[in-house]
Amino acid sequence: MFLLNKKQTGDYYEQQACRYLERQGLTPIDKNARFKAGELDLVMQDKSCIVFVEVKFRKQTHFGGAAVTISASKRQKLLKAAYLWLSQKGLSATHTEFRFDAVTFEGDANSVNWVKNIEIEG
């Protein structure tokens with residue numbers, strides 16, 4: 001087995017998350033949308049809803065699962081980046097249905113966990 005650097009590992013798990021969500025009926029719109037405020041790993045469409053997806057991987061869970069790495073400050077960055085993304089696309093945050101999901105992997109790509117509607121305050 002070959003070793004991947006951090007960027008390659010992130011790209012791999014984002015690709016796995018995208019494929020998983022496509023099998024669940026979502027459609028990819030954008031990926032790795034970068035703003036000064038933060039980055040959106042995946043942007044998907046779930047019927048009429050825009051879904052901003054944070055992808056997390058943890059090789060080991062000694063200090064908690066992958067979902068615990070989505071801190072309050074990270075969630076605030078996601079919210080700001082989502083507002084910027086919507087604005088960039090000419091969409092209004094008040095008139096567009098959207099949510100934040102997380103797809104986490106713990107150990108390997110077979111340990112996928114999809115959490116819909118992660119809590120974002122703002």
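What tally of residues in segment 8-34 results from selecting those that are assigned to a helix (DSSP H, G or I) and within 15 Å of the chain's Cα centre (by Cα)? Total satisfying the criteria: 14. Filtering segment 1-40 to residues that are surrounded by 13 or more Cβ atoms within 10 Å (Cβ to Cβ) and of a type in the set (Gly, Ala, Ser) leaves GLY10, ALA17, ALA33, ALA37, GLY38.
So for segment 75-82 (the condition being at pLDDT below 90, over 19 Å from GLN45 (Cβ atoms) and surrounded by 13 or more Cβ atoms within 10 Å (Cβ to Cβ)), does at least one residue qualify? Can you show your working first?
Within segment 75-82, the subset at pLDDT below 90 is 75.
Right, trim to over 19 Å from GLN45 (Cβ atoms) and you get 75.
Pick out the ones that are also surrounded by 13 or more Cβ atoms within 10 Å (Cβ to Cβ) and you get 75.
For segment 75-82, residues at pLDDT below 90, over 19 Å from GLN45 (Cβ atoms) and surrounded by 13 or more Cβ atoms within 10 Å (Cβ to Cβ): present.
Do you know which residues across segment 70-104 are hydrophobic (A, V, I, L, M, F, W, C) and in contact with a Lys or Arg (Cβ under 7 Å, 6 or more places away or on another chain)?
Correct list: ILE70, ALA102.
Suppose we filter segment 68-82 for residues that are in a helix (DSSP H, G or I) and touching a residue at least 40 places away in the same chain (Cβ under 8 Å); how many remain?
Filtering segment 68-82 down to residues in a helix (DSSP H, G or I) leaves 68-69, 72-82.
So of that shortlist, the ones also touching a residue at least 40 places away in the same chain (Cβ under 8 Å) come out as 72, 75-82.
Summing the residues that are in a helix (DSSP H, G or I) and touching a residue at least 40 places away in the same chain (Cβ under 8 Å) in segment 68-82 gives 9.
Please indicate, with yes or no, whether at least one residue in segment 111-118 is modelled with pLDDT of 90 or more, in contact with a Leu (Cβ under 6 Å, 6 or more places away or on another chain), surrounded by 11 or more Cβ atoms within 10 Å (Cβ to Cβ) and of a type in the set (Phe, Trp, Tyr). Checked against the condition, which is being modelled with pLDDT of 90 or more, in contact with a Leu (Cβ under 6 Å, 6 or more places away or on another chain), surrounded by 11 or more Cβ atoms within 10 Å (Cβ to Cβ) and of a type in the set (Phe, Trp, Tyr), segment 111-118 yields no hits at all.
Of the numbered criteria (1) closer than 14 Å to TRP114 by Cβ; (2) surrounded by fewer than 19 Cβ atoms within 10 Å (Cβ to Cβ); (3) modelled with pLDDT under 90, the one ASP46 fails is (3).
Residues of segment 5-52 that are touching a strand residue (DSSP E or B) at 6+ places or on another chain (Cβ under 6 Å) and either free of Cβ contacts under 8 Å to residues at least 12 places away in the same chain or over 23 Å from LYS89 (Cβ atoms) (or both): TYR13, TYR20.
The values are calculated or read from the model by the stated rules, or taken from the named source; none is laboratory data. Since the structure is predicted, the reported quantities are computational estimates derived from the model, not experimental observations. Cβ: placed from backbone, ideal geometry, glycine included. Neighbour counts: every protein chain shown.
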